[in-house]
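The values are calculated or read from the model by the stated rules, or taken from the named source; none is laboratory data. Given the structure is predicted, the values throughout are model-derived calculations rather than measurements. All Cβ positions, even for glycine, are placed from backbone atoms using ideal geometry, and neighbour counts span all protein chains on display.
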Amino acid sequence: MTDCVFCKIVAKQIPATVVFEDGDTLAFMDIGQVNPGHVLVAAKAHCENVYALDDAQAGAVFRAVARVARAVRAAFAPPGLSIYQANGKPAGQTVFHFHVHLVPRHDGDGMNLTWPVKNPPREKLEEYAAKIRGALG
Ligand code: AMP
Ligand code: ZN
(Lines give C-alpha, C1' and ligand atoms only; values in the text may rest on other atoms or scores of the structure.)
(Ligands and ions follow the chains in the order given, each with its own letter.)
Protein backbone atom coordinates (compact mmCIF):
# COMPACT_ATOMS: atom_id res chain seq x y z
CA MET A 1 0.00 0.00 0.00
CA THR A 2 1.68 3.18 -1.20
CA ASP A 3 0.85 5.55 1.68
CA CYS A 4 1.46 3.03 4.50
CA VAL A 5 4.52 3.72 6.64
CA PHE A 6 5.09 0.06 7.52
CA CYS A 7 4.77 -1.02 3.86
CA LYS A 8 7.47 1.56 3.14
CA ILE A 9 9.65 0.04 5.86
CA VAL A 10 9.11 -3.47 4.46
CA ALA A 11 10.00 -2.19 0.98
CA LYS A 12 13.09 -0.43 2.42
CA GLN A 13 11.86 2.91 1.09
CA ILE A 14 12.25 4.51 4.53
CA PRO A 15 14.76 3.56 7.23
CA ALA A 16 14.08 1.18 10.09
CA THR A 17 16.29 -0.60 12.58
CA VAL A 18 15.55 -4.24 11.83
CA VAL A 19 16.17 -7.04 14.33
CA PHE A 20 14.60 -10.03 12.55
CA GLU A 21 13.12 -10.93 9.20
CA ASP A 22 11.61 -13.99 7.57
CA GLY A 23 9.31 -14.58 4.62
CA ASP A 24 6.16 -13.27 6.30
CA THR A 25 7.37 -10.98 9.08
CA LEU A 26 9.66 -8.05 9.81
CA ALA A 27 10.67 -7.07 13.36
CA PHE A 28 12.11 -3.61 13.94
CA MET A 29 12.67 -1.12 16.74
CA ASP A 30 9.64 1.04 17.57
CA ILE A 31 10.71 4.62 16.95
CA GLY A 32 9.01 5.73 20.20
CA GLN A 33 10.78 3.24 22.60
CA VAL A 34 8.37 3.17 25.56
CA ASN A 35 11.25 1.33 27.24
CA PRO A 36 14.64 0.33 25.76
CA GLY A 37 14.21 -2.81 23.65
CA HIS A 38 10.66 -1.98 22.45
CA VAL A 39 10.23 -3.96 19.20
CA LEU A 40 7.42 -4.20 16.66
CA VAL A 41 6.75 -7.45 14.82
CA ALA A 42 4.82 -6.67 11.63
CA ALA A 43 3.33 -8.78 8.88
CA LYS A 44 5.23 -8.07 5.68
CA ALA A 45 2.06 -8.01 3.60
CA HIS A 46 -0.26 -5.05 4.07
CA CYS A 47 -2.86 -6.47 6.45
CA GLU A 48 -4.72 -3.69 8.22
CA ASN A 49 -5.46 -5.63 11.39
CA VAL A 50 -5.72 -9.11 12.94
CA TYR A 51 -8.86 -9.87 10.93
CA ALA A 52 -6.93 -9.62 7.67
CA LEU A 53 -4.30 -12.27 8.53
CA ASP A 54 -4.55 -15.70 6.96
CA ASP A 55 -3.58 -18.74 9.03
CA ALA A 56 -0.02 -18.86 7.66
CA GLN A 57 0.57 -15.17 8.45
CA ALA A 58 -0.96 -15.50 11.91
CA GLY A 59 1.27 -18.48 12.67
CA ALA A 60 4.35 -16.77 11.30
CA VAL A 61 3.72 -13.58 13.27
CA PHE A 62 3.29 -15.36 16.58
CA ARG A 63 6.34 -17.57 15.98
CA ALA A 64 8.34 -14.40 15.35
CA VAL A 65 6.84 -12.71 18.43
CA ALA A 66 7.91 -15.60 20.67
CA ARG A 67 11.39 -15.76 19.10
CA VAL A 68 12.04 -12.02 19.35
CA ALA A 69 10.61 -11.99 22.90
CA ARG A 70 13.24 -14.55 23.94
CA ALA A 71 15.93 -12.39 22.35
CA VAL A 72 14.68 -9.22 24.07
CA ARG A 73 14.72 -11.06 27.40
CA ALA A 74 18.25 -12.32 26.77
CA ALA A 75 19.46 -8.87 25.68
CA PHE A 76 17.79 -6.61 28.26
CA ALA A 77 16.73 -8.92 31.11
CA PRO A 78 13.61 -6.84 31.80
CA PRO A 79 11.65 -7.96 34.86
CA GLY A 80 8.50 -7.95 32.70
CA LEU A 81 7.40 -7.92 29.06
CA SER A 82 4.06 -6.72 27.69
CA ILE A 83 2.79 -7.97 24.34
CA TYR A 84 0.35 -5.44 22.99
CA GLN A 85 -1.59 -5.39 19.72
CA ALA A 86 -4.28 -2.87 18.77
CA ASN A 87 -7.05 -3.20 16.19
CA GLY A 88 -9.03 -0.05 15.42
CA LYS A 89 -8.90 3.45 16.86
CA PRO A 90 -10.80 2.68 20.09
CA ALA A 91 -8.17 0.00 20.80
CA GLY A 92 -5.38 2.54 20.32
CA GLN A 93 -4.24 1.58 16.81
CA THR A 94 -2.43 4.43 15.09
CA VAL A 95 -0.63 2.60 12.25
CA PHE A 96 -3.14 0.58 10.25
CA HIS A 97 -0.78 -2.19 9.18
CA PHE A 98 -0.85 -5.22 11.49
CA HIS A 99 1.90 -5.26 14.11
CA VAL A 100 2.56 -6.57 17.62
CA HIS A 101 4.42 -4.57 20.28
CA LEU A 102 6.97 -6.24 22.55
CA VAL A 103 7.55 -3.82 25.41
CA PRO A 104 10.10 -4.58 28.15
CA ARG A 105 8.52 -3.64 31.47
CA HIS A 106 9.84 -2.30 34.76
CA ASP A 107 8.13 -1.44 38.03
CA GLY A 108 6.81 2.10 37.90
CA ASP A 109 7.64 2.62 34.20
CA GLY A 110 4.47 4.63 33.65
CA MET A 111 2.90 2.34 31.07
CA ASN A 112 -0.66 1.70 32.18
CA LEU A 113 -3.60 -0.23 30.84
CA THR A 114 -6.76 0.30 32.86
CA TRP A 115 -8.70 -2.94 33.12
CA PRO A 116 -12.24 -2.13 34.22
CA VAL A 117 -13.51 -5.61 35.09
CA LYS A 118 -17.27 -6.17 35.23
CA ASN A 119 -17.26 -9.66 36.80
CA PRO A 120 -20.59 -10.71 35.23
CA PRO A 121 -22.42 -13.84 36.43
CA ARG A 122 -21.60 -17.23 34.82
CA GLU A 123 -24.79 -17.07 32.72
CA LYS A 124 -23.43 -13.98 30.99
CA LEU A 125 -20.13 -15.75 30.25
CA GLU A 126 -22.13 -18.63 28.73
CA GLU A 127 -24.20 -16.19 26.65
CA TYR A 128 -21.10 -14.37 25.32
CA ALA A 129 -19.30 -17.67 24.63
CA ALA A 130 -22.28 -19.09 22.71
CA LYS A 131 -22.19 -16.05 20.41
CA ILE A 132 -18.48 -16.49 19.73
CA ARG A 133 -18.78 -20.27 19.23
CA GLY A 134 -21.62 -19.66 16.80
CA ALA A 135 -19.45 -17.26 14.81
CA LEU A 136 -16.34 -19.51 14.70
CA GLY A 137 -17.54 -21.56 11.72
P1 AMP B 1 -0.07 1.36 17.33
O2 AMP B 1 -0.54 2.55 18.12
O3 AMP B 1 -0.24 0.05 18.03
O4 AMP B 1 -0.68 1.36 15.94
O5 AMP B 1 1.51 1.54 17.22
C6 AMP B 1 2.17 2.20 16.21
C7 AMP B 1 3.61 2.30 16.62
O8 AMP B 1 4.38 2.53 15.47
C9 AMP B 1 3.93 3.45 17.59
O10 AMP B 1 4.41 2.89 18.81
C11 AMP B 1 4.98 4.27 16.87
O12 AMP B 1 6.00 4.72 17.71
C13 AMP B 1 5.49 3.29 15.84
N14 AMP B 1 6.02 3.89 14.63
C15 AMP B 1 5.40 4.78 13.83
N16 AMP B 1 6.19 5.09 12.78
C17 AMP B 1 7.33 4.36 12.92
C18 AMP B 1 8.52 4.22 12.16
N19 AMP B 1 8.74 4.91 11.03
N20 AMP B 1 9.48 3.37 12.61
C21 AMP B 1 9.29 2.67 13.74
N22 AMP B 1 8.18 2.75 14.49
C23 AMP B 1 7.21 3.58 14.10
ZN1 ZN C 1 1.09 -1.45 5.01
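Some observations on this one:
- Looking only at segment 93-112, and only at residues there that are in contact (Cβ under 8 Å) with a residue 12 or more places away in the chain and farther than 18 Å from residue 31 by Cα, the one that is nearest to the chain's Cα centre (by Cα): 106
- One residue from 59, 37 being among the small types (Gly, Ala, Ser), away from ligand 2 (no atom under 16 Å from the Cβ) and in contact (Cβ under 8 Å) with a residue 40 or more places away in the chain: 37
- Residue satisfying all of: in segment 21-47; more than 9 Å from ligand 1 (Cβ to nearest atom) and loosely packed, with under 15 Cβ neighbours inside 10 Å; nearest to residue 94 (Cα to Cα) among these: 36
- Within segment 42-56, being touching a residue at least 40 places away in the same chain (Cβ under 8 Å) and either in contact with a Leu (Cβ under 7 Å, 6 or more places away or on another chain) or farther than 30 Å from residue 109 by Cβ (or both) holds for 42, 43, 46, 47, 52.
- Index of the failed condition, residue 94 passing every other in (1) within 16 Å of ligand 1 (Cβ to nearest atom); (2) β-branched (Val, Ile, Thr); (3) not in a loop (DSSP other than H, G, I, E, B): (3)
- Any hit, segment 112-134, residues being farther than 30 Å from residue 23 by Cα, at pLDDT 95 or above, assigned to a loop (DSSP other than H, G, I, E, B) and among the basic types (Lys, Arg): yes
- Condition check for residue 100: of a type in the set (Val, Ile, Thr) and more than 18 Å from residue 36 (Cα to Cα): no
- When residues of segment 50-91 are limited to those that are part of a loop (DSSP other than H, G, I, E, B) and not aliphatic (A, V, I, L, M), the one nearest to residue 23 (Cα to Cα): 54
- Selected residue (criterion: surrounded by the fewest Cβ atoms within 10 Å (Cβ to Cβ)) from residues of segment 1-20 that are touching a residue at least 24 places away in the same chain (Cβ under 8 Å) and away from ligand 1 (no atom under 12 Å from the Cβ): 1
- Residue match in segment 103-124 (condition: within 26 Å of residue 44 (Cβ to Cβ) and in contact with a Ser or Thr (Cβ under 6 Å, 6 or more places away or on another chain)): yes
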